[in-house]
Amino acid sequence: MLPEPGSRPEPCGLTAPVPDQSGAGFQPHAAARLYDASGAVDFRAGRGGLLAERPSTLALAGAFGGAFRIGGAGPLVAKGGAFETLTSGSSGQPRHILRSVVSWQASFAANAGLFGIGPGVSVAVLGRLVHSLALYGAVEGMSLGAEVHLLDDLRPDRQRQTLAARRVQLLYATPAQLRLMVEAGGPQLALTRVLVGGSKLDPTLRLALAAMAPQAIVHEFYGAAEASFITLSGPDCPDGSVGRAYPGVEIAVDHGEIWVRSPYLFTGYAGGDSGGAIWREDWLSVGEMGRLEAGFLYLSGRAGRMVTVADQNVFPEEIETFLMGLDGVDRAAVLPRPDGLRGVHLVAVVTGRARDADILSAARLAFGPLKAPKAVFRLQDWPMLASGKTDLAAVERALGWR
């Protein structure tokens, strides 16, 4: 059951239902082939353990040798049929996620059916394997017998050229990674599917992606390191939604908080970290707020980033998505600043050619005078995390606010 209204479960630690971890680790398919930036690589499963993220091919090989973690500090907690990944660290230091091998294998089977991933299909990941989306795409491809291309060592322009030259069919990427390839310019891509995670595509980037990969069907995943896939969207989904429940996932919303039950959930945080996710029986919340309408999920933002402006709850992510859809805004972050009258007010930090006055005017029209940013600040060098998300703490430091 979901929590009763007004109740607040304790942080999960390692209190989640624990899957059987006595089984084997990931197993590569006999037909799988591995490529790095230079070309084909002889793949031999490693031994697991604590793995350096470079070179990526050796890190991926180690992921097929038993319990493992790529990157991160501290000892390895995972044993048997378990492993560790890292959160993006967008709200602080990356947390260590402990999960069972079968929690990912269950979604491998779902994606094989949804997207035809298997022998003869080429799959590429752009990000570093310390990021769970890139690691997932690479391990899934090798497990299902695909040709897996690890391109994290290449600049965005070279990534685009390599995807085109190798005629890669399926790409796992974040919006930030796609934006860098679009901005780099280059040849059109023969992609048939693009699987996007990490954050939502804005309308401008969606149009640019369609021009870069005109044959590709774009699917956005909403999920979290703790929950894996929650929803899946496609061309038939309403604007603004993050899609319907991913196969095998149940979603409920209680007092605006999103709760999930599925076979893909993590076991807990490794190393005694109480973390940010909470359990209620077998339902999990990672602190996201939103609503369900006609089976489609709409996100408001993270409870941890929500601010109150003159007694109104405001989610900066909602405004960031809007700003990124404006012509001439390339990057955007919305941050709170102290305000003696309202408690806090919001400001926008952007890059791009759009004029400050136009940004502020469009935001006021969309959100009203209280919720809209009061000022625009600009950064020339945009700080990003390994996951491709904006490093909000680094933005504040760059502006002298920390």
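Values quoted throughout were computed directly from the atomic coordinates according to the rules given, and no laboratory measurement underlies them. None of these values were measured; they are calculated from a predicted model. Backbone-built Cβ (ideal geometry, glycine too); neighbour counts: all protein chains shown.
Rounded to the nearest Hz, the phi-derived 3J(HN,Hα) couplings of region 294-309 under the Karplus curve 6.51 cos²θ - 1.76 cosθ + 1.60 (θ = phi - 60°) are 6, x, 9, 9, 10, 9, 9, x, 7, 4, x, 9, 4, 10, 10, 10, where x marks glycine and proline. Could you give the distance between the Cα centres of region 239-314 and region 187-232, to the whole Å? Between the Cα centre of region 239-314 and that of region 187-232, the gap is 21 Å. Amide H to amide H, with H built 1.01 Å from N, residue 147 comes under 5 Å of 33, 120, 121, 122, 123, counting only residues 5 or more places away or on other chains.
Of all DSSP beta bridges confined to region 108-254, the antiparallel ones make up roughly 30%. The Cα trace of region 33-301 gives Rg and Dmax of 17.9, 52 Å, the first to one decimal, the second as a whole number. Helix-only arithmetic for the chain: the sum of -39500 (n - 2.57) across DSSP H runs with n ≥ 4, divided by the residue total, places the mean residue ellipticity at 222 nm at -7500 deg cm²/dmol. Label region 306-398 by shape, choosing from rounded, prolate and oblate, from the square roots a ≥ b ≥ c of the eigenvalues of the Cα gyration tensor; if a/c is under 1.5 it is rounded, and otherwise prolate applies when a/b is larger than b/c, oblate when it is not. Verdict is oblate for region 306-398.
Which trypsin sites (Lys or Arg not before Pro) does region 70-132 hold that lie in a coil by DSSP with at most 15 other beta carbons within 10 Å? Before the final figure, lay out each step's value.
Numbers: sites: 79, 95, 99, 128; in loops: 79, 95, 128.
Those that pass, being in a loop and sparsely packed, are 79.
Averaged over residues, the count of other Cβ atoms within 10 Å places the peptides 48-54, 225-231 in the sequence 225-231, 48-54, highest first. Considering only 294, 67, 224, the mean-square fluctuation computed in a Gaussian network model of the chain, springs between alpha carbons under 10 angstrom, is largest for 294. Report the antiparallel proportion of the DSSP beta bridges in the chain as a percent, rounded to a multiple of 5. The antiparallel proportion sits near 65 percent. Across 385, 86, 129, mean-square fluctuation computed from a Gaussian network of the chain (C-alpha pairs under 10 Å connected) peaks at 385.
Could you give the length gained by full extension between residue 353 and residue 79, i.e. 0.36 nm per residue of separation minus their alpha carbon distance, to one decimal place?
Values: separation 274, 0.36 × 274 = 98.64 nm, distance 5.08 nm.
Stretched fully, the residue 353-residue 79 segment lengthens by 93.6 nm.
Taking the Cα centre of each part, how many Å lie between region 328-365 and region 24-83? So the separation of the two Cα centres works out to 42 Å. Classify region 82-162 as rounded, prolate or oblate from the Cα gyration tensor: take a ≥ b ≥ c as the square roots of its eigenvalues, call it rounded if a/c is under 1.5, otherwise prolate when a/b beats b/c and oblate if not. Verdict is oblate for region 82-162.
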